[in-house]
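**Student:** Have a look at this one.
The values are calculated or read from the model by the stated rules, or taken from the named source; none is laboratory data. As the structure is a computational prediction, the values presented were derived from the model and not from experiment. Quick reminder, even Gly has a Cβ in these numbers, built from the backbone with ideal geometry, and neighbours come from all protein chains shown.
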Amino acid sequence: MIVLAYFCLLMDQLIEQIEQYKKEINQFTNGDVKAVENFRIKWLGTKGVVKNLMGEMRNVPVDRKKEFGQILNDFKILVENKFEELKKATSDQQPKTSARIDLSLPGDALPLGSRHPVSLMRNRIVSIFQRLGFALAEGPEIEDDWHNFTALNMPEFHPARDMQDTFYVQQNPDWLLRTHTSNVQIREMEKGKLPIRGIYPGRVYRNETVSARSHCFFHQVEGLYIDENVSFADLKQTLYFFVKEMYGTDVKVRFRPSFFPFTEPSAEMDISCTLCKGAGCSVCKHTGWLEILGCGMVHPNVLQNCSIDPNKYTGFAFGMGIERPALLKYGINDIRLFSENDVRFLRQFTSAI
Ligand code: DAH
């Protein structure tokens with residue numbers, strides 16, 4: 001009797017749900033994607049009405065299962081069909097043409113920045129040496145006396161210090177703004193890992209009057225190669241390769257004996273003037289030659305200062321400015337343009353790589 005009473009209750013529930021369904025479906029607004037999804041969840045979801053009633057099947061007495069199952073199944077099919085119909089109606093209503101993206105339309109051009117001419121020149125120089133196996137490294141711009149002078153064989157009161165007018169840091173007389181990138185040589189050698197083959201670009205500072213030709217800060221690239229049996233011939237071959245890659249095969253090269261405290265022997269390297277091809281013009285001051293860099297064999301004292309045995313190791317070093325070759329390459333006549341950040345000037349390098 002109890003079983004039968006429960007069955008009646010279930011049957012009532014089923015009929016009631018069917019009535020409810022009919023009512024809801026009459027008020028349904030077509031084309032509402034969200035409403036269709038809610039419909040699916042409520043009636044066909046895993047915790048939905050149909051699933052729930054299906055679960056009750058096991059409580060239906062055996063002799064009534066067929067009757068109850070038939071009604072429930074018909075109801076299920078009705079709901080499923082309705083759902084498919086609603087789904088189709090919403091997708092039919094989606095605007096088909098207006099929402100499509102036309103990929104063939106030209107895009108809006110993004111404003112393009114450009115590399116600074118000094119960066120362009122630095123990258124060119126560095127990448128030539130990288131192709132020869134030189135590894136890129138950098139050092140600090142605020143340096144101590146040891147790394148900028150003393151370790152480079154320029155002890156206190158050495159006259160060579162006067163060649164470079166130095167900015168000192170007020171708070172600490174041992175600190176200064178590096179006057180050249182040669183400080184990175186020392187820092188790399190002090191690391192104690194040999195052999196060394198490095199290329200070190202960076203900004204340097206000197207207390208000089210600012211004019212079209214000179215500035216109180218500029219950029220250099222330093223090169224260093226330390227190993228057993230490194231000779232002056234290696235230095236020359238390396239720099240010949242650099243000149244060929246940088247300025248072309250028809251450019252002539254010459255080495256002039258020179259003096260730097262940190263190299264012995266020392267030299268300065270000139271190339272034939274890229275503008276007048278050696279005939280003489282105002283850029284090369286009518287000599288036909290342009291001074292490009294300083295170089296030499298690393299002084300034994302410098303090696304010793306960095307705990308490298310000069311009887312076992314030798315090496316060469318070189319240092320060159322970046323601004324001058326950049327002036328030449330881009331035909332610029334005032335070095336101050338490099339640091340004034342005038343976009344009319346900088347914008348002209350957009351296409352340069
Ligand atoms: N440090 C020198 C300067 O600023 C340039 C230089 C010359 C660097 C000779 C070197 C070198 O490494 O061997 O004028």
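**Student:** Output the residue which, of all residues in segment 301-322 that are near the ligand (Cβ under 8 Å from one of its atoms) and of a type in the set (A, V, I, L, M, F, W, C), is farthest from PRO155 (Cα to Cα).
**Tutor:** Ranking the qualifying residues of segment 301-322, first place goes to MET320.
**Student:** If HIS147 meets every condition in (1) modelled with pLDDT of 95 or more; (2) within 24 Å of PHE255 (Cα to Cα) apart from one, which number is that one?
**Tutor:** Checking HIS147 against (1) modelled with pLDDT of 95 or more; (2) within 24 Å of PHE255 (Cα to Cα), the one that fails is (2).
**Student:** Taking only segment 232-255 into account, find how many residues are without any contact (Cβ under 8 Å) to a residue 40 or more places away in the chain, among the hydroxyl-bearing types (Ser, Thr, Tyr) and under 13 Å from MET269 (Cα atoms).
**Tutor:** Number satisfying all stated conditions: 1.
**Student:** Additional query: I'd like the residue in segment 148-170 that is away from the ligand (no atom under 13 Å from the Cβ) and of a type in the set (S, T, N, Q) and, out of all such residues, is farthest from ILE308 (Cα to Cα).
**Tutor:** The residue in question is GLN170.
**Student:** Something else now. Would you be able to tell me the number of residues in segment 1-27 that are exposed (fewer than 15 other Cβ atoms within 10 Å of the Cβ), over 15 Å from PHE75 (Cα atoms) and in contact (Cβ under 8 Å) with a residue 24 or more places away in the chain?
**Tutor:** Residues meeting the conditions: 3.
**Student:** What are the residues in segment 132-150 that are in a loop (DSSP other than H, G, I, E, B) and crowded, with 19+ Cβ neighbours inside 10 Å, if any? Step through it out loud before you land on a result.
**Tutor:** Going through segment 132-150, the residues in a loop (DSSP other than H, G, I, E, B) turn out to be 132-134, 137-141, 149.
Selection gives PHE134, GLY139, PHE149.
**Student:** Turning to a different aspect of this structure: Which of the residues that make up segment 185-204 are within 13 Å of the ligand (Cβ to nearest atom) and not in a strand (DSSP E or B)?
**Tutor:** Across segment 185-204, the qualifying residues are GLN185, ILE186, GLU188, MET189.
**Student:** What is the one condition in (1) within 16 Å of the ligand (Cβ to nearest atom); (2) in a loop (DSSP other than H, G, I, E, B); (3) of a type outside the set (Phe, Trp, Tyr); (4) free of Cβ contacts under 8 Å to residues at least 60 places away in the same chain that PRO173 does not satisfy?
**Tutor:** Failing condition for PRO173: (1).
**Student:** State yes or no: is GLY278 touching a strand residue (DSSP E or B) at 6+ places or on another chain (Cβ under 6 Å) and part of a loop (DSSP other than H, G, I, E, B)? Steps first, answer last, please.
**Tutor:** Numbers: touching a strand residue (DSSP E or B) at 6+ places or on another chain (Cβ under 6 Å): yes; part of a loop (DSSP other than H, G, I, E, B): yes.
For GLY278, the condition - touching a strand residue (DSSP E or B) at 6+ places or on another chain (Cβ under 6 Å) and part of a loop (DSSP other than H, G, I, E, B) - is met.
**Student:** Out of all the residues in segment 319-353, which are modelled with pLDDT of 95 or more, touching a helix residue (DSSP H, G or I) at 6+ places or on another chain (Cβ under 9 Å) and closer than 16 Å to LEU290 by Cα?
**Tutor:** Result: GLY319, MET320, ILE322, GLU323.
**Student:** When the residues of segment 28-61 are narrowed to those that are of a type in the set (A, V, I, L, M, F, W, C) and surrounded by fewer than 16 Cβ atoms within 10 Å (Cβ to Cβ), which ends up modelled with the lowest pLDDT?
**Tutor:** Going residue by residue through segment 28-61, those that are of a type in the set (A, V, I, L, M, F, W, C) are 28, 33, 35-36, 39, 41, 43-44, 49-50, 53-54, 57, 60.
With surrounded by fewer than 16 Cβ atoms within 10 Å (Cβ to Cβ) added as a condition, the list becomes 28, 33, 35, 41, 54, 57.
Values: PHE28: 79, VAL33: 82, ALA35: 85, ILE41: 93, MET54: 91, MET57: 89.
My answer is PHE28.
**Student:** Just for segment 205-235: of the residues that are part of a helix (DSSP H, G or I) and in contact with a strand residue (DSSP E or B) (Cβ under 8 Å, 6 or more places away or on another chain), which one is farthest from the ligand (Cβ to nearest atom)? Give the derivation first.
**Tutor:** Here is the first cut: in segment 205-235, the ones part of a helix (DSSP H, G or I) are 232-235.
From what's left, in contact with a strand residue (DSSP E or B) (Cβ under 8 Å, 6 or more places away or on another chain): 232, 234-235.
Values: PHE232: 12, ASP234: 14, LEU235: 9 Å.
So, considering only residues that are part of a helix (DSSP H, G or I) and in contact with a strand residue (DSSP E or B) (Cβ under 8 Å, 6 or more places away or on another chain), the one farthest from the ligand (Cβ to nearest atom) is ASP234.
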